[in-house]
Amino acid sequence: MTAPAVLEATDARLYPARPILAASIAVFRDGRVLLAERVNPPAANCFSLPGGLVEPGETLEAAALRELMEETGVSARILGFNDHVEVLEPDPDGRIRRHFVVCSFVGEWLSGEGTTGPEARRILWADPLDVDHLATTPDLLRVLRSALRFFPARP
């Protein structure tokens, strides 16, 4: 068995009995949004908002801020709930291999420049409406457009 298959066989997030809850955050600083290039599936090698799984007993907001700090070393203040994203990945037999529901927030940058780590290969501060040249998660542009409503005079 190859290494990826071994990892897959032990990944409790595969073939879940129910959707898995996650949280993410669009952090804005000087009109730019923080993006992280994912290392792990789903959407490995794609830029997305920092985020991850909600732990038992953790609020959605706390999970978004924790994941932000763990992945990027950035801290932020949450401005509000933005949108949700559903990640549905069927296998070739039509069974649901992955199903995540990601609750996405909008935040205002407080500190940290952004650092890479085991979950984020690259970090960048991007124009939220100019991400077409990047490999991104499927719903990123929609979520970013929605997030801009928190900034009536566009940041």
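Read the figures in this text as sums done on the coordinates, not as results from a lab. It should be emphasised that the depicted structure is a prediction, and the values quoted were computed from it without experimental measurement. Here the Cβ positions follow ideal geometry from the backbone for every residue, glycine too, while neighbour counts run over all protein chains shown.
When the alpha-carbon atoms of segment 3-147 are used, the pair Rg, Dmax equals 14.9, 46 angstrom.
Distant-in-sequence amide contacts of F105, defined by a placed amide H-H separation under 5 Å and a gap of 5 or more residues or a different chain, comprise S24, I25, A26, N82. Computed 3J(HN,Hα) for segment 26-41, one whole-Hz value per residue from the Karplus formula 6.51 cos²θ - 1.76 cosθ + 1.60 where θ = phi - 60°, is 8, 9, 10, 8, 6, x, 10, 10, 7, 10, 10, 7, 5, 8, 9, x, glycine and proline marked x.
From the helices alone, meaning DSSP H stretches of at least four residues, give me the mean residue ellipticity at 222 nm for the chain, per-run term -39500 (n - 2.57), in deg cm²/dmol to the nearest 500. All intermediate terms of the calculation are to be shown ahead of the outcome.
Numbers: 3 runs with 28 residues, N = 155.
Helices in the chain give a 222 nm mean residue ellipticity of -5000 deg cm²/dmol.
Under the convention that each Lys and Arg Cβ holds +1 and each Asp and Glu Cβ holds -1, the size of the dipole of segment 3-147 around its Cα centre is about 80 debye. Within segment 61-152, the proportion of Cα pairs with more than 15 Å between them is 68 percent. Angle of helix 60-72 to the longest C-alpha principal axis of the chain, folded into 0 to 90 degrees and rounded to 10: 90°. Please say if segment 77-120 is rounded, prolate or oblate, where rounded means a/c under 1.5 for a ≥ b ≥ c the square roots of the C-alpha gyration tensor eigenvalues, and otherwise the choice is prolate for a/b larger than b/c and oblate otherwise? Oblate, because a/c is 1.5 or more while a/b does not exceed b/c. A Gaussian network model of the chain, with springs between Cα atoms under 10 Å, assigns the largest mean-square fluctuation among S75, S104, S24 to S75.
Summing charges over neighbours of S75, with a neighbour being any other residue whose Cβ is under 14 Å away from its Cβ, gives -3 when K and R count +1 and D and E count -1. Tell me whether segment 13-67 comes out rounded, prolate or oblate; compute the Cα gyration tensor, take square roots of the eigenvalues as a ≥ b ≥ c, and use a/c under 1.5 as the rounded threshold. Note, shape of segment 13-67 comes out oblate. Calculate the length of the line joining the C-alpha centroid of segment 56-71 to that of segment 9-30, in whole Å. So the two Cα centres are separated by 11 Å.
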